[in-house]
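The values are calculated or read from the model by the stated rules, or taken from the named source; none is laboratory data. Note that the structure is predicted; figures quoted are calculated from it, not measured. Using ideal geometry, Cβ is built from the backbone for each residue, glycine included, and neighbour counts are taken over all protein chains shown.
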Amino acid sequence: MFKNLSASAIGLRNLSLQGSLDLARQTGFAGIDFGIREVAELVDAHGIEYVRDLFRQSGVRPGNWGLPVNWRSDDEWQKDVAELPRLAALGRELGCSRTSTWIPPFSDERDMATNFAWHVERFRAIAKPLADQGVRLGLEFIGPKTLRVSHRYEFVHTMDGMLEMIQAIGTGNVGLLLDCWHLYTSHGQMSDLDRLTASDIVVVHVNDAPAGIPIDEQIDSVRTLPMETGVIDLPGFMQKLVRLGYDGPVTVEPFSKSLVDLAQRDPLAAVQRTAESLNKLWKAAGLA
């Protein structure tokens, strides 16, 4: 496992690849999330070795790229899928064979069975060209009940539900984007991870939860940095991943207003605070 920076997840939107690499290098992150379309533009302008050199010179590795498919749009998704072979090949050539996206836990149009079949069909079409390039796709289930209650139909929002969908997709290269926050808010248990293997997990996110709030009242957009409250057993979570042999990126996605505010004033300080939270977690989990 390695400490991975997602600049956008802490409020640094529209940061360039070079900007993310610089901040990661200065704060001790081993990897970064990045946009594969920006990489494609850089490769078109300067060649693949130029992009490889950006990573080499920073001492930071590519961790994960967001799925470049507007898969919720019936008008756009097929056009995006047509570009996947080229983009996935670029990711693989950079040594990054992980991409990911999240699945809304509700629908106002389709009931559970209809929506399940719709997602399986769509993601099978997306996953196949990724598989052809040796790229794995992580799908994130979204746990908080507060996101579902105002919608007509519930959808997949647990680890087991997402594993069922992944099995139905059936392309062999789809796994979990496993976020401890969503495991917690879906009433999952750390023991649930004992049923996984390393190949079931593509990407990992870590966060903590505000204290004093019942699970079913937790708000998805209000989280804390790892180890900030101790509500979620993050050391236990990490130790489970070690036993599974997970070797991928571990990324903080805290949706913390105070951190976002800091990022607007002092980006380096915000990244440093994020790095310190991971360092504390690594030490508590016996990984330091």
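A few remarks follow.
- Counting the residues of region 229-246 that are buried (at least 19 other Cβ atoms within 10 Å of the Cβ), part of a loop (DSSP other than H, G, I, E, B) and not hydrophobic (A, V, I, L, M, F, W, C) gives 1.
- With respect to the conditions (1) surrounded by fewer than 19 Cβ atoms within 10 Å (Cβ to Cβ); (2) over 14 Å from the mean Cα position of the chain (by Cα), Phe2 lacks only one, and its number is (2).
- Residue pairs whose Cβ atoms lie under 6 Å apart, sitting 6 or more positions apart in sequence or on different chains, and linking a residue in region 28-50 that is without any contact (Cβ under 8 Å) to a residue 24 or more places away in the chain to a partner that is buried (at least 18 other Cβ atoms within 10 Å of the Cβ) and assigned to a helix (DSSP H, G or I), are Glu38/Leu17.
- The single condition from (1) in contact with an Asp or Glu (Cβ under 7 Å, 6 or more places away or on another chain); (2) farther than 19 Å from Gly63 by Cβ; (3) not in a loop (DSSP other than H, G, I, E, B) that Leu177 fails is (2).
- Scanning region 247-276 for residues that are in a helix (DSSP H, G or I), within 14 Å of Lys3 (Cα to Cα) and of a type in the set (D, E, K, R) yields Arg273, Glu276.
- Taking the listed residues Ala211, Ala269, Ala198, the one that is surrounded by fewer than 15 Cβ atoms within 10 Å (Cβ to Cβ), small (Gly, Ala, Ser), over 16 Å from Trp102 (Cα atoms) and within 16 Å of the chain's Cα centre (by Cα) is Ala198, with no other qualifying.
- Residue in region 131-142 that is surrounded by fewer than 21 Cβ atoms within 10 Å (Cβ to Cβ) and farther than 24 Å from Asn64 by Cα present: no
- Single unsatisfied condition, Asp33 versus (1) touching a helix residue (DSSP H, G or I) at 6+ places or on another chain (Cβ under 7 Å); (2) acidic (Asp, Glu); (3) buried (at least 22 other Cβ atoms within 10 Å of the Cβ): (1)
- Residue in region 240-255 that is polar (S, T, N, Q), on the phi < 0 side of the Ramachandran plot, modelled with pLDDT of 95 or more and within 19 Å of the chain's Cα centre (by Cα) present: yes
- The residue pairs whose first member lies in region 55-81 and is farther than 14 Å from Ser100 by Cα, whose second member is of a type in the set (Lys, Arg) and surrounded by 12 or more Cβ atoms within 10 Å (Cβ to Cβ), and whose beta carbons are closer than 8 Å, counting only pairs six or more residues apart or on different chains, are Phe55/Arg61; Ser58/Arg25; Gly59/Arg25; Val60/Arg25; Trp77/Arg122.
- Meets criteria (under 20 Å from the mean Cα position of the chain (by Cα), under 29 Å from Ile215 (Cβ atoms) and surrounded by fewer than 16 Cβ atoms within 10 Å (Cβ to Cβ)) for Arg152: no
- Considering (1) out of contact with any Pro (no Cβ under 7 Å at 6 or more places or on another chain); (2) within 24 Å of Asn14 (Cα to Cα); (3) modelled with pLDDT of 95 or more; (4) surrounded by 15 or more Cβ atoms within 10 Å (Cβ to Cβ), the lone condition that Asp220 does not fulfil carries the number (1).
- If you go through region 256-266 and keep only what is surrounded by fewer than 20 Cβ atoms within 10 Å (Cβ to Cβ) and either within 16 Å of the chain's Cα centre (by Cα) or of a type outside the set (A, V, I, L, M, F, W, C) (or both), you end up with Lys257, Ser258, Asp261, Gln264, Arg265, Asp266.
- Yes/no for Asn207 being touching a strand residue (DSSP E or B) at 6+ places or on another chain (Cβ under 6 Å) and polar (S, T, N, Q): no
- Candidates Ile142, Ile166, filtered to the one that is of a type in the set (A, V, I, L, M) and part of a loop (DSSP other than H, G, I, E, B): Ile142
- Members of region 166-189 found to be of a type in the set (A, V, I, L, M, F, W, C) and either within 28 Å of Ile32 (Cβ to Cβ) or without any contact (Cβ under 8 Å) to a residue 24 or more places away in the chain (or both), listed by number: Ile166, Ile169, Val174, Leu176, Leu177, Leu178, Cys180, Trp181, Leu183
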